[in-house]
Amino acid sequence: MTVVERRAARVLLVDPAGRALLLHGGDPARPGTSWWFTPGGGLESGETPAQGAARELFEEVGLEVEAGALGEPFWRQLTEFSYGGRQYSQEQEFFVLRVPGWQVDFAGMDEEEKATITAHRWWSADEIDASAESIFPVELADLLRRLP
């Protein structure tokens, strides 16, 4: 099987209580399988990670921020997963953005995002640890606890 290699940018959107906003969804090719994940996704041609993260924030949750407001990545990860019948190897960078709160707006989602993202929720590190649901990255609770 051919592995698609790509780069991605993700955002830990954190409220004053230290909770992260996670999106819920799954792979339309695997009905009945779902997970929680941070906003973000693959970079478009010519995009920097910060530009991609800012674009994804707007598309997926309706929050418009300048790429420069995201600063430097907080964490990097190499992950492998399957989606849509394809295997991916994804190098992703995580940015942190603290907000006083945010009312999620899905209006900017593209068709693929509409088909895969079904809900959102703010999660604390303790709630993540206590959950039996699939949450990515698996290190998320520890990352939230390590935030400056």
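The values are calculated or read from the model by the stated rules, or taken from the named source; none is laboratory data. On a predicted model such as this, the values are computed, not experimentally measured, just so you know. Using ideal geometry, Cβ is built from the backbone for each residue, glycine included, and neighbour counts are taken over all protein chains shown.
Odds and ends about this structure:
- Filtered by the rule that a residue be of a type in the set (D, E, K, R), out of contact with any Pro (no Cβ under 7 Å at 6 or more places or on another chain), in contact (Cβ under 8 Å) with a residue 24 or more places away in the chain and not in a strand (DSSP E or B), the range 57-87 gives a lone residue, Glu59.
Residue by residue, here is whether (1) touching a helix residue (DSSP H, G or I) at 6+ places or on another chain (Cβ under 7 Å); (2) at pLDDT 90 or above; (3) under 24 Å from Pro31 (Cα atoms) holds:
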| residue | (1), (2), (3) |
| --- | --- |
| Pro100 | no, yes, no |
| Glu112 | no, no, yes |
| Ala115 | no, no, yes |
| Arg121 | no, yes, yes |
| Ser124 | no, yes, no |
| Ala130 | no, yes, no |
| Ser134 | no, yes, yes |
| Val138 | no, yes, yes |
| Ala141 | yes, yes, no |
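- From the list Ala54, Ala50, the lone residue that is in a helix (DSSP H, G or I) and either farther than 17 Å from Thr38 by Cβ or out of contact with any strand residue (DSSP E or B) (no Cβ under 8 Å at 6 or more places or on another chain) (or both) is Ala54.
- Whichever residue in the range 93-121 is closer than 18 Å to Phe74 by Cβ and in contact with a Lys or Arg (Cβ under 9 Å, 6 or more places away or on another chain) and, among such residues, is surrounded by the most Cβ atoms within 10 Å (Cβ to Cβ): Phe95
- Test: Ala53 is within 23 Å of Asp142 (Cβ to Cβ), touching a Ser or Thr at 6+ places or on another chain (Cβ under 9 Å), crowded, with 17+ Cβ neighbours inside 10 Å and of a type in the set (Gly, Ala, Ser): no
Rundown of residues vs (1) hydroxyl-bearing (Ser, Thr, Tyr); (2) over 21 Å from Val4 (Cα atoms), yes/no style:
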site: Gln77; (1), (2): no, no
site: Ser89; (1), (2): yes, no
site: Asp105; (1), (2): no, yes
site: Met109; (1), (2): no, yes
site: Glu127; (1), (2): no, yes
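- Condition check for Leu140: surrounded by 13 or more Cβ atoms within 10 Å (Cβ to Cβ) and either β-branched (Val, Ile, Thr) or touching a residue at least 12 places away in the same chain (Cβ under 8 Å) (or both): yes
- Conditions (1) in contact with a strand residue (DSSP E or B) (Cβ under 9 Å, 6 or more places away or on another chain); (2) assigned to a loop (DSSP other than H, G, I, E, B); number of the one not met by Gln90: (2)
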